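Structure first, then comments.
The values are calculated or read from the model by the stated rules, or taken from the named source; none is laboratory data. Please read these numbers as outputs of a predicted model, since none were measured by experiment. Backbone-built Cβ (ideal geometry, glycine too); neighbour counts: all protein chains shown. Heads up: the accessible areas ignore ligands, DNA and RNA and are worked out on the full protein's heavy atoms, side chains in. Shrake-Rupley method; radii C 1.70, N 1.55, O 1.52, S 1.80 Å.
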Amino acid sequence: MNKTVKNSAVYLFGTIVMALFGFANTMILTRFLSQQVYAMYGLLTTFSTAATTFIAFGYDSAYTRFYYKHGLTQRRFILKSLKVPCIIFLIFMVILLEPSRFLMKYVFGEDLGLFTVIILIGYIFFSFVNRFTHLTARMEERAVNYVASSFVCKFGFVTIILAVHFILKDVSFNWVVISFMLSAFLAILMNIIVIAKLSKKPTEKDDSFSEKELFKYGFPYMLNNVLVLIVPVVEKLIIRDMAGWEVLSIFTAASIFQTVVLLIVNTLTNIWNPIVYKHCDNEEKFKPILHIFGFVATIVTTLGLAACILLRRWLVLILDKSYYSVYIIAPTILFGACFNFLNIIYSVGINIKKKTWHFIISPILQMIISVTLFYLLAPKMGLIGVAIATLTSIVVSKTYRITVGMHYYNSGTSEWKSVLLCAMALIATIFTLFSTSLLSDIIISVLLISLIIVVANKDLVSLCKNMITLIKSNKQ
């Protein structure tokens, strides 16, 4: 467990650093790139993310699920997992290189030269290969490699862009693509050392594992990931049409709270997945861990909401004064994002039992509910209607996944305390949409914190003792 504590500290540090650099990146790029190149940079990040997700075809998720139980050497397993994505990449490359280059014209709004398309293909290739080498570092619990390669991949390109700017005084779109490609390549090199040290002994064999099982497990993940990319786009278009540009701009600005939470969620995922796939077959050992992680996530979610409600007037001051109205929906956006904490932990039964087709239903359910409620609420209630629609769709779709996950693999312990805290937090979140006075915010925050103390009581004391024990043992 000491290794888990050390890795958790590294992941948390990495999350903080990347959050800070994320803000710095925007400041730098808007100053050193022309408006057109900056707009194309935005299109590049969106297009490459979608392309890499599709090319990986969910085999990256299947790779982590079977990582410890495939009956092969780890290096051979990597090659086996890369086979189908490589075939899809070759097909995708042909589509990008066809003479008219229709897809490139549609995405970027102009005819990109052959050289640009070639380096873009190189960037996409390194991106999807990096996804697998990156996951290898995570599953081998090499947190330093994982965080360092993440940093290089996400922010290394800015260093190259700055160097080009100071040498050539102008940064073309080609240099942006080249900088992305080099950053992805360097990230791969940083994890090659992890792959070189992989055990040459075959792992334990899961009787259900086969190449067909890789596809059956991974394909629904790919559809889910594509839908997750599509749903926010559809929602924003509906908000624009139903409530107008002003409401959409405020809703978009509020996503900063979602971004911060998602960085923390990624940290939790990096810690959680190796624990799950290593120990899930030992129910006596893993079920108590599932209960503890779930309960801690619920407490953190409720505490985070209480802090956001209490401080929301001051938190929005990081935005331009024209976006001050964000404070009205800040608790709603944050609580919706925090539901990902609970979703990752409590829905893990879907992964364990390989019932990944449920992942397709969840985003579809979210889109149906959000779009329906946008049409019903946004024209009359504006920003508040949009917030209610968004929160409802997230809570219902994530609750579906959690319920199904707990059906397949539960903690063996009653989770009524987590359910009660979540229910009270949801009620408090909705209340803050209609009551925005400082006094009511103070009262709600105090009530939520008091509720945590009352509900958690002995469990909270036990959790603190366990953490102190872990920290002390780590120092020895």
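Descriptive notes on the structure:
Each row is one residue, and each column tells you yes or no for (1) open to solvent by less than 70 Å² (accessible area, probe 1.4 Å); (2) over 19 Å from Phe128 (Cβ atoms); (3) not in a loop (DSSP other than H, G, I, E, B).
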| site | (1), (2), (3) |
| --- | --- |
| Glu141 | yes, yes, no |
| Lys154 | no, no, yes |
| Ile161 | yes, yes, yes |
| Leu182 | no, no, yes |
| Ile195 | yes, no, yes |
| Ser199 | yes, yes, no |
| Pro202 | no, yes, no |
| Phe219 | yes, no, yes |
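- One residue alone among Val260, Val296 is assigned to a helix (DSSP H, G or I), out of contact with any Cys (no Cβ under 8 Å at 6 or more places or on another chain) and either at positive phi or at pLDDT below 85 (or both), and that residue is Val260.
- Helices (runs of 4 or more DSSP H) completely within segment 51-111 that count 1 or more residues being surrounded by fewer than 17 Cβ atoms within 10 Å (Cβ to Cβ), touching a Leu at 6+ places or on another chain (Cβ under 9 Å) and among the charged types (D, E, K, R): 74-97, 102-108
- Cβ-Cβ under 7 Å pairs, at least 6 apart or on other chains, segment 160-179 side more than 20 Å from Leu120 (Cβ to Cβ), far side outside any helix (DSSP H, G or I) and open to solvent by less than 90 Å² (accessible area, probe 1.4 Å): His165/Val171
- Residue pairs meeting the criteria (Cβ under 6 Å; at least 6 apart or on separate chains; first among the basic types (Lys, Arg), in segment 241-257; second crowded, with 21+ Cβ neighbours inside 10 Å): none
- Scope segment 164-222; condition under 25 Å from the mean Cα position of the chain (by Cα) and among the charged types (D, E, K, R); matching residues: Glu213, Lys216
- Verdict on Glu211 being in contact (Cβ under 8 Å) with a residue 24 or more places away in the chain and open to solvent by 80 Å² or more (accessible area, probe 1.4 Å): no
- Scanning segment 414-456 for residues that are open to solvent by 50 Å² or more (accessible area, probe 1.4 Å) and within 21 Å of Ile289 (Cβ to Cβ), we see that the one that is modelled with the lowest pLDDT is Ser414.
- The residue that is nearest to Met139 (Cα to Cα), among those in segment 265-290 that are assigned to a helix (DSSP H, G or I) and open to solvent by 80 Å² or more (accessible area, probe 1.4 Å), is Lys278.
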